[in-house]
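A.B. asks: Take a look at this one; I'll ask things after.
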Amino acid sequence: MAQVVHGAEIAVPGMTARRVALAAGESVEHAAGGGEAMVYVIAGAGSVRLPDAERPLAEESLVWLAGDDAARIEAGAGGLELLLAASR
């Protein structure tokens, strides 16, 4: 069953997803919480800090997290628009 949502967050059985807009220099943490999670860059640029590395993010970048993985995502000078999703 497809759903169209015009809000900040959607929760369906097994998954939650939310759209997040970060201004320049703002950051957000996202974790798999024992399941699986993803970060998708809708627009903008920035960086993602993982336990073992820091990587650049650009439009259409995708970060996949699993198990105990966690990431800190930071917006670059132009801001960052993200889709954050996680299994529940």
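The values are calculated or read from the model by the stated rules, or taken from the named source; none is laboratory data. Since the model is a prediction, treat every value here as computed from it, not as a measurement. Here Cβ is always computed from backbone atoms with ideal geometry, including for glycine, and neighbour counts include all displayed protein chains. All accessible areas refer to the heavy atoms of the entire protein, side chains included, with ligands and DNA or RNA removed. Shrake-Rupley method; radii C 1.70, N 1.55, O 1.52, S 1.80 Å.
A.B. asks: Return the pair list, or none, for Cβ contacts closer than 8 Å from residues in the stretch 55-84 that are closer than 17 Å to Gly34 by Cα to residues that are open to solvent by 30 Å² or more (accessible area, probe 1.4 Å) and part of a loop (DSSP other than H, G, I, E, B), at least 6 apart or on different chains.
C.D. replies: Going by the 8 Å Cβ cut-off, the qualifying pairs are Gly67/Gly34; Asp68/Gly34; Asp69/Pro51; Ala70/Pro51.
A.B. asks: Which members of the stretch 12-42 meet the condition of being more than 10 Å from Ser87 (Cα to Cα) and more than 12 Å from the chain's Cα centre (by Cα)?
C.D. replies: Selection gives Ala23, Ala24, Gly25, Glu26.
A.B. asks: With surrounded by 12 or more Cβ atoms within 10 Å (Cβ to Cβ), in contact (Cβ under 8 Å) with a residue 40 or more places away in the chain and either polar (S, T, N, Q) or out of contact with any Phe, Trp or Tyr (no Cβ under 8 Å at 6 or more places or on another chain) (or both) as the only criterion, which of Val48, Val28 stands out?
C.D. replies: Being surrounded by 12 or more Cβ atoms within 10 Å (Cβ to Cβ), in contact (Cβ under 8 Å) with a residue 40 or more places away in the chain and either polar (S, T, N, Q) or out of contact with any Phe, Trp or Tyr (no Cβ under 8 Å at 6 or more places or on another chain) (or both) holds for just one of Val48, Val28, which is Val28.
A.B. asks: Hey, Met15 hits all of (1) touching a residue at least 40 places away in the same chain (Cβ under 8 Å); (2) at positive phi but one; which does it fall short on?
C.D. replies: Exception for Met15: condition (2).
A.B. asks: May I pose another question? In the stretch 18-39, is there at least one residue being closer than 20 Å to Ala8 by Cβ and among the basic types (Lys, Arg)?
C.D. replies: yes
A.B. asks: Mind listing just one residue for me: the one in the stretch 61-88 that is among the charged types (D, E, K, R) and in a strand (DSSP E or B) and, of those, surrounded by the most Cβ atoms within 10 Å (Cβ to Cβ)? Outline the logic, then answer.
C.D. replies: So in the stretch 61-88, the residues among the charged types (D, E, K, R) come out as 68-69, 72, 74, 81, 88.
Then drop every residue that is not in a strand (DSSP E or B), which leaves 72, 74, 81.
Numbers: Arg72: 14, Glu74: 17, Glu81: 15.
Once the filter is applied, the top-ranked residue is Glu74.
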